[in-house]
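*Asks:* Quick one: this structure, given as structure tokens, is what I'll be asking you about.
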Amino acid sequence: MNTFGHLFRVTTFGESHGPAIGCVVDGCPPGMAISAETFVTDLARRATGKSRHTSARHEADAVEILSGVYEGITTGTPIALLIRNTDARGKDYDRIVEQFRPGHADYTYWQKYGIRDPRGGGRSSARETTMRVAAAVIAKQWLLDRHGVRVRGYLAQIGEVVPRTTDWAAVESNPFFWPDVAQVSELEAYMDALRKSGDSVGARVTTIATGVPPGWGEPIYGKLDSELAAAMMSINAVKGVEIGDGFAAVAQRGSAHRDEATHAGFLSNHAGGILGGISSGQAIVVSTAFKPTSSLRLPARGLDVHGDEVEIVTTGRHDPCVGIRATPICEAMMALVLMDQALRHRAQCGDVGEVFPRIPPGAAM
């Protein structure tokens, strides 16, 4: 499936080294102000080539709006967005046309389709996430304008390095989306050493939505947390998702984990802002784990399409840590889920309104 969402639906298309990538956004309400410039900031945040710590690929990422917008205003009809690939170098992958790279989708795509696009991973490339970020620009704007919801994220871990403090003002001031400005030089040295070694490392991204009212989500099969988890797991290289305390809850006692409430608000947020699959009005907190990049110049054992054992070395332009530029992607998936859930809630329960009592959000984490 290449379509995501129920009422707010996003369909993406295109390959890493094809002529273009694009998406169709269906279900966007009419009356929103949208232009090509609207997408510039978030696409630049996701882009490669901004520092020596990401892939050297330089794409213009200029959005063409093909439909759904008239004189700068959304019409309520499908919005088609297109981005031309301007720095594709498919020849970098000539050596692995007949090889299955360890840790990649080469083998599984081959088994499923009987054919694959070896150029940068084709459809399974992180290049595809560009269109998710583009579509989510619309969702972020709608969520903020209509509900005051703000979606933000930061890099919460690279390898064994974790932030000592969390300062939102620092996140956008460095190429890592790192919340502790005092550690940026440490990360620079860490990544330089990693790149020289030819190896890679994993990362964790924390995404938080504030201003989400209580009531979004559905019980059982449309749970807000299950859809957020599925959305994050759909991102390339993601191997784990936590809501709130996540796996740390295993070692907690119920007396500590439960989020008590007073007239002043919730006293904690171990549940990550979701109870029974429905938002509580607290901050929605999701952590996403990214595996180490598998595209390495270090030799590895593998098989080719003939079943022969071969030594595989991956050349081309790759990220030593995909998590470094994953923050805007995680933000995008959270925003897309929240807008879809908001529209579904409005459709079924819009007449319910605000129910007494309403507990203030209280503690963020």
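*Asks:* Sequence gap at least 6, Cα distance under 8 Å: using those rules, report the relative contact order of the chain to the nearest whole percent.
*Replies:* Numbers: 763 pairs, mean separation 78.4, N = 365.
21 percent.
*Asks:* Let me ask something additional. Loop sites only, by DSSP: take the GluC sites (Glu not before Pro) in the chain that have at most 16 other C-beta atoms within 10 Å and name the longest stretch containing none of them. Mind dumping the intermediate values first?
*Replies:* Numbers: sites that count: 71, 98, 160, 172, 260, 354.
For GluC sites (Glu not before Pro) (loop position, at most 16 other Cβ atoms within 10 Å), the longest site-free span of the chain is 261-353.
*Asks:* Of the candidates 95, 325, 132, which one comes out as most mobile in a Gaussian network treatment of the chain with C-alpha springs shorter than 10 Å?
*Replies:* Judging by the Gaussian network model, the answer is 95.
*Asks:* Be a star and scan the range 227-248 for residues whose amide nitrogen sits under 12 Å from the point 7 Å along the Cα-to-Cβ vector of residue 355.
*Replies:* Counting only backbone N, you get no residues.
*Asks:* Let me ask something else about it. Tell me the label-point distance for the pair residue 347, residue 310, using the 7 Å Cα-to-Cβ offset, in nm and rounded to one decimal.
*Replies:* So the two model labels end up 4.8 nm from each other.
*Asks:* Can you list residues whose amide H is under 5 Å from residue 20's amide H, if they're 5+ apart or on another chain and H is modeled 1.01 Å from N?
*Replies:* 15, 85
*Asks:* Let me ask another. Which helices count as membrane-span-like in the chain under these terms: full DSSP H, at least 27 Å along the axis by C-alpha, Kyte-Doolittle mean of -1.0 or more? Working shown, then result.
*Replies:* Numbers: long enough: 327-349 (32 Å, 0.41).
Once both thresholds are applied, what remains is 327-349.
*Asks:* Where does the charge balance sit around residue 223 when Lys and Arg score +1, Asp and Glu -1, over other residues with C-beta under 14 Å from its C-beta? Each step should come with its number before you reach the end.
*Replies:* Values: positive: 344; negative: 218, 225, 227, 340.
It works out to a net charge of -3.
*Asks:* Any idea what diffusion coefficient the chain gets from Stokes-Einstein, in µm²/s, Kirkwood Rh on alpha carbon pairs, 20 °C, 1.002 mPa s? Write down the numbers at each step before the final one.
*Replies:* Numbers: Rh = 21.7 Å.
Here the translational diffusion coefficient equals 99 µm²/s.
*Asks:* Springs between alpha-carbon atoms under 10 Å, Gaussian network over the chain: tell me which of 134, 169, 126 tops the mean-square fluctuations.
*Replies:* Greatest mean-square fluctuation among the candidates belongs to 169.
*Asks:* Add +1 for every Lys or Arg and -1 for every Asp or Glu among the other residues with Cβ under 14 Å from the Cβ of residue 329, and state the total. Intermediate results must be reported in sequence, preceding the final value.
*Replies:* Working: positive: 45, 46, 127, 132, 140, 152, 204, 325; negative: 42, 61, 128, 319, 331.
Spelling it out: positives minus negatives among the neighbours equals +3.
*Asks:* Here's something else I'd like to know. Per DSSP H run of n ≥ 4, the term is -39500 (n - 2.57); total these for the chain, divide by its residue number, and report the mean residue ellipticity at 222 nm rounded to 500 deg cm²/dmol. Working shown, then result.
*Replies:* Working: 8 runs with 89 residues, N = 365.
Computed ellipticity for the chain at 222 nm equals -7500 deg cm²/dmol.
*Asks:* Please give me the summed charge of the neighbours of residue 34: other residues whose Cβ is under 14 Å from its Cβ, Lys and Arg +1, Asp and Glu -1.
*Replies:* On the way: positive: 140; negative: 37, 42, 64, 71, 145.
My count for the surroundings of residue 34 gives -4.
*Asks:* Restricting to DSSP loop positions (anything but H, G, I, E, B) with no more than 14 other Cβ atoms inside 10 Å of their own Cβ, which trypsin sites (Lys or Arg not before Pro) remain in the range 200-307?
*Replies:* 253, 258, 297
*Asks:* Of 213, 163, 299, which has the largest mean-square fluctuation in a 10 Å C-alpha GNM of the chain?
*Replies:* Between 213, 163, 299, it is 299 that shows the largest mean-square fluctuation.
*Asks:* Which cross-chain or sequence-distant (5 or more) residues have an amide H under 5 Å from the amide H of residue 157, H modelled 1.01 Å from N in plane?
*Replies:* Excluding prolines and chain starts, which carry no amide H, the hits are 204.
*Asks:* Jot down the per residue volume, in cubic angstrom and as a whole number, of the convex hull over the alpha-carbon atoms of the range 249-326.
*Replies:* Numbers: hull volume 15.5 nm³, N = 78.
Measuring per residue, one finds 199 Å³ for the Cα hull of the range 249-326.
Only the coordinates and a few stated rules stand behind these numbers; no lab work does. What you are looking at is a predicted structure, and each value in this text was computed from that prediction instead of being measured. Neighbour counts run over all protein chains shown; Cβ positions are idealised from the backbone, glycine included.
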